[in-house]
Amino acid sequence: MRHIMWAKTKQSGFTIVELLVVIIVIAILAAVTIVAFNGAQQRARDANIVATANQIEKSIMLWYQDVGVLPAAGYGSTGAVSGDSCPGNTTSSGGFFQSGTYLCTMQDLLKARGYLTKNLNASLPKNTTLGSSSTVFMFYNCGANRYILLWSLENPSADDTAGLTSDLTTCSLPYATFYTNYGMRASTIMKF
């Protein structure tokens, strides 16, 4: 009599441990990618702000060349742009730069003269301290023939912070107010 032997066939596949290892590796790679992507987004937003700051600085310089005085706008305004001034401002009073923060802002004056053509608020990220895209830039008179332009950044460099500290000291403005309260992280002093 013959015996029929049934051979056990081994099925191939992944074990639970192998599947868990693959899932963990994929999760780690996804986490690293997300962190790198977020860092790239922060750098892109900061680069946008720096480029806009350069545009603003050039616009203020053009204003000064054409009008002969620094623009007077900001927190003392009592009405919309009238000619080359903001009603209520007789000196460069200062404050937030962008439209919508006061009745008449530096941006409003520069737009009225054609030096700025776009709505800055629409293209800028929010100030991470104040949560608004209309509070990214500030300006102040900084003594005789000087002006300070400040801006917020998400990830300022050591040079940005050192420059801000130096500029605020030069202008006799309180560091804690601008850094902690308003979220300003970088600046430049313009001399006229």
query = With θ set to phi - 60° and the Karplus curve 6.51 cos²θ - 1.76 cosθ + 1.60, what are the ³J(HN,Hα) couplings of the range 104-117 in order, to the nearest whole Hz, using x for Gly and Pro?
reply = 9, 10, 4, 4, 4, 5, 5, 5, 4, 8, x, 6, 10, 10
key: Dipole magnitude of the chain about its Cα centre (Cβ charges: Lys, Arg +1; Asp, Glu -1), debye to nearest 20   = 860 debye
inquiry  = Rolling a 1.4 Å sphere over the protein heavy atoms, what is the accessible area per residue of the range 69-108, to the nearest Å²?
reply    = 38 Å²
remark   = Calculated from DSSP helices alone, with each H run of at least 4 adding -39500 (n - 2.57) and the total divided by the residues of the chain, [θ]222 nm to the nearest 500 comes to -13500 deg cm²/dmol
remark   = Applied in sequence order to the range 19-28, the curve 6.51 cos²θ - 1.76 cosθ + 1.60 (Karplus, θ = phi - 60°) yields integer Hz couplings, x standing for Gly and Pro, of 5, 4, 4, 4, 4, 5, 4, 5, 5, 5
key: Equivalent ellipsoid semi-axes, the chain, via Cα gyration tensor eigenvalues times 5, rooted, Å   = 58, 17, 13
ask   = Taking the mean number of other Cβ atoms within 10 Å as a proxy for protection, how do you rank 131-137, 148-154 from highest to lowest?
value = 148-154, 131-137
query = Of the listed peptides 38-51, 109-122, what is their order by residue-averaged count of other C-beta atoms within 10 Å, with the highest listed first?
reply = 109-122, 38-51
query = When the accessible area of the range 24-138 is computed with all protein chains present and a 1.4 Å probe, what percentage of it is carbon and sulfur?
reply = 60 percent
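The values are calculated or read from the model by the stated rules, or taken from the named source; none is laboratory data. Predicted model only: the values in this text are computed from it and were never measured. Cβ sites come from the backbone with ideal geometry, for glycine too, and all protein chains shown count toward neighbours. Keep in mind that these areas ignore ligands, DNA and RNA; they rest on the heavy atoms of the full protein, side chains included. Shrake-Rupley method; radii C 1.70, N 1.55, O 1.52, S 1.80 Å.
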